[in-house]
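Read the structure below first, then the notes.
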Amino acid sequence: MAKLKVLIVDDEPDFLDLMSLRIASWGHNVLKASGGKEAVAIIKESRPDILVLDYMMPEMDGVTTLKEIRKTNKDLPVIMFTAYPNTKAFEDTDKLGIHAFIPKLSAYSEVVPALKSAIDMLEKRLNKAS
């Protein structure tokens, strides 16, 4: 599969830069957004293949951002990070098509299998379409 465009959305600049470098080191093109409104605009312009989204952000949280994105893009694979992994974070998200929910504390190690799984899902969808 060709290089994928991965959009990473997080309001913490250090985490955003770290995850961007990590994913870029695997050969993917990385787009970055520091908030939900910026992410929605980037998705409309650049059409990324995968979205990596923070759950808790000011102004527009991850769930609100994803609801806005799902109005125009229902199939985008989504990996969501949260610094507050609890069952409340997972409520009302099953209908949004989140591929994986990863606690930020383990994001560096757990993003690898989650991203590979999202890529596999994307490849299967592309193979069915062709």
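The values are calculated or read from the model by the stated rules, or taken from the named source; none is laboratory data. Because the structure is a prediction, the values reported are computed rather than measured. Ideal geometry is used to build each Cβ from the backbone, glycine not excepted, and the neighbour counts take in all protein chains shown. Ligands, DNA and RNA are excluded from the accessible area calculation, which covers all protein heavy atoms including side chains. Shrake-Rupley method; radii C 1.70, N 1.55, O 1.52, S 1.80 Å.
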Are any residues in the stretch 44-65 surrounded by fewer than 22 Cβ atoms within 10 Å (Cβ to Cβ) and in contact with a strand residue (DSSP E or B) (Cβ under 7 Å, 6 or more places away or on another chain), and if so, which ones? Ser46, Asp49, Met56
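Let's see how each residue does on (1) at pLDDT 90 or above; (2) outside any loop (DSSP other than H, G, I, E, B); (3) within 16 Å of Leu7 (Cβ to Cβ); (4) β-branched (Val, Ile, Thr):
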{"site": "Val52", "(1), (2), (3), (4)": "yes, yes, yes, yes"}
{"site": "Pro58", "(1), (2), (3), (4)": "yes, no, no, no"}
{"site": "Leu66", "(1), (2), (3), (4)": "yes, yes, yes, no"}
{"site": "Tyr84", "(1), (2), (3), (4)": "no, no, no, no"}
{"site": "Lys88", "(1), (2), (3), (4)": "no, yes, no, no"}
Tell me the residue from Lys104, Lys32, Lys71, Lys37 that is modelled with pLDDT under 95 and open to solvent by 80 Å² or more (accessible area, probe 1.4 Å), please. Lys71
